[in-house]
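Peer 1: Here it is: the structure, laid out below.
Please treat every number below as a calculation from the coordinates, not as lab data. None of the values given here were measured: they were computed from a predicted structure. In this analysis, Cβ positions are derived from the backbone assuming ideal geometry, glycine residues included, and neighbour counts consider all displayed protein chains.
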Amino acid sequence: MRKLIHFILPIVVIILQISYVQDTHSKRITFQVDMSKVDSPERVGIRGNTPPLSWDKTYYLKDENKNHIYENTLEFDVAQNTIQFKFVNNNDSFELECTNNRNVTLEYKPETIEYSAVFDQSDGYQKNYD
């Protein structure tokens, strides 16, 4: 009997761990990057680790009012607590080469966030709206 318990208990624990899935929450994140210090910014965008972002494809940002601040708002449905990303210029020239990715820190709830930075400067900031 004791051998049976030692055999079954680990199996039950594994099944419980596999079946546990965190709920996802919607995130609305506006990404803004100041390109005023970049010569001839072109096809400015963002790449990252969480869909709809990807490290293989650029999601483009716009400068509709011609103030050198490129921006766009993305919708995420995630259960994780961080989104990693980098801004890109000219479709595939990554900023902050050989440094860590930028991060947006998430809480376990629906959120509206604004992330602002200057291209190729690591001191971006995040503002959360409830």
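Peer 1: Could you size up the charge dipole of the range 40-84 around its Cα centre, putting +1 on the beta carbon of Lys and Arg and -1 on that of Asp and Glu, and report it in debye to the nearest 20?
Peer 2: 140
Peer 1: Okay, next question. Give me the aspartates and glutamates in straight-line cross-link reach of Lys109: C-alpha distance below 17 Å, same-chain residues under 8 apart excluded.
Peer 2: In chain and number order, the partners are Asp23, Glu75, Asp77, Asp130.
Peer 1: If you take the beta carbon distance between Thr82 and Lys57 as r and set R0 to 30 Å, what does 1/(1 + (r/R0)^6) give as a FRET efficiency, to the nearest 0.05?
Peer 2: Step by step, r from the Cβ atoms, then E = 0.90.
Peer 1: Let me ask something else. Looking at the range 24-105, which GluC sites (Glu not before Pro) are in a loop (DSSP not H, G, I, E or B) and have at most 11 other Cβ atoms within 10 Å?
Peer 2: Counting only loop positions with at most 11 other Cβ atoms within 10 Å, the GluC sites (Glu not before Pro) in the range 24-105 are Glu42, Glu64, Glu97.
Peer 1: Considering the convex hull of the alpha carbon atoms of the range 25-111, report its projected area averaged over all viewing directions, in nm², one decimal.
Peer 2: Hull-based average projected area comes out at 5.7 nm².
Peer 1: On to the next question. Can you list which of the chymotrypsin sites (Phe, Trp or Tyr not before Pro) found in the range 79-124 are DSSP loop residues with at most 14 other C-beta atoms within 10 Å?
Peer 2: Listed in order of number, the matching sites are Tyr108.
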